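Let me begin by presenting the structure, written as structure tokens, before commenting on it.
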Amino acid sequence: MLFVRPNGLPISRFGWSIKKALGNAVVRNRIRRRLREIVRMHRQEMGAGWDVVIHPRSSVAKADFAMLVEELVKVVPREKAPAVAASGGAGAVRPARDAGGTSSGREET
């Protein structure tokens, strides 16, 4: 699952939430490393001005890396985020399709 919200900044921020139900620490850390690498490799393809939180499903741990890259890049916004109102309201959270999973952590682009 992917949650996206405009942040009003010139950069996009990425975070992930990996629940313990996905596996032991080794499995969860592998998911985090895979997600971090995807964001690092495709930073330029992703639009600026978004806060993105990735909440993976259990299938991410065993999924092919190329498939994860394809799915995540497909669902992350490519356009620049709209300007955020001065009142501080960044708009509603916009859930997107599942990207095959994510892990906890934060990556800025």
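The values are calculated or read from the model by the stated rules, or taken from the named source; none is laboratory data. These numbers were taken from a predicted model, which means no experiment stands behind them. Cβ sites come from the backbone with ideal geometry, for glycine too, and all protein chains shown count toward neighbours.
Go through the residues of region 14-36 one by one and say whether even a single one is in a helix (DSSP H, G or I), under 14 Å from Glu71 (Cα atoms) and among the basic types (Lys, Arg).
Checked region 14-36: at least one residue is in a helix (DSSP H, G or I), under 14 Å from Glu71 (Cα atoms) and among the basic types (Lys, Arg).
Could you please find all residues in region 41-78 being without any contact (Cβ under 8 Å) to a residue 12 or more places away in the chain and touching a His at 6+ places or on another chain (Cβ under 7 Å)?
Correct list: empty.
How many residues are at pLDDT 90 or above, surrounded by fewer than 15 Cβ atoms within 10 Å (Cβ to Cβ) and under 24 Å from Ile11 (Cβ atoms) when one looks only at region 22-69?
Count: 4.
Kindly provide the set of residues from region 37-51 that are in a helix (DSSP H, G or I), closer than 16 Å to Pro77 by Cβ and within 12 Å of the chain's Cα centre (by Cα), ordered by number.
Across region 37-51, the qualifying residues are Ile38, Val39, Arg43.
Would you pick out the residues in region 35-55 that are within 20 Å of Ser17 (Cβ to Cβ) and hydrophobic (A, V, I, L, M, F, W, C)?
Leu35, Ile38, Val39, Met46, Trp50, Val52, Val53, Ile54
Residue check, Ala21 against (1) touching a helix residue (DSSP H, G or I) at 6+ places or on another chain (Cβ under 8 Å); (2) under 13 Å from Val76 (Cβ atoms), all met but one. Which one?
Of the numbered conditions (1) touching a helix residue (DSSP H, G or I) at 6+ places or on another chain (Cβ under 8 Å); (2) under 13 Å from Val76 (Cβ atoms), the odd one out for Ala21 is (2).
Report, by residue number, each residue of region 70-82 that is surrounded by fewer than 18 Cβ atoms within 10 Å (Cβ to Cβ), touching a strand residue (DSSP E or B) at 6+ places or on another chain (Cβ under 9 Å) and closer than 19 Å to Arg32 by Cβ.
The one that is surrounded by fewer than 18 Cβ atoms within 10 Å (Cβ to Cβ), touching a strand residue (DSSP E or B) at 6+ places or on another chain (Cβ under 9 Å) and closer than 19 Å to Arg32 by Cβ: Val75.
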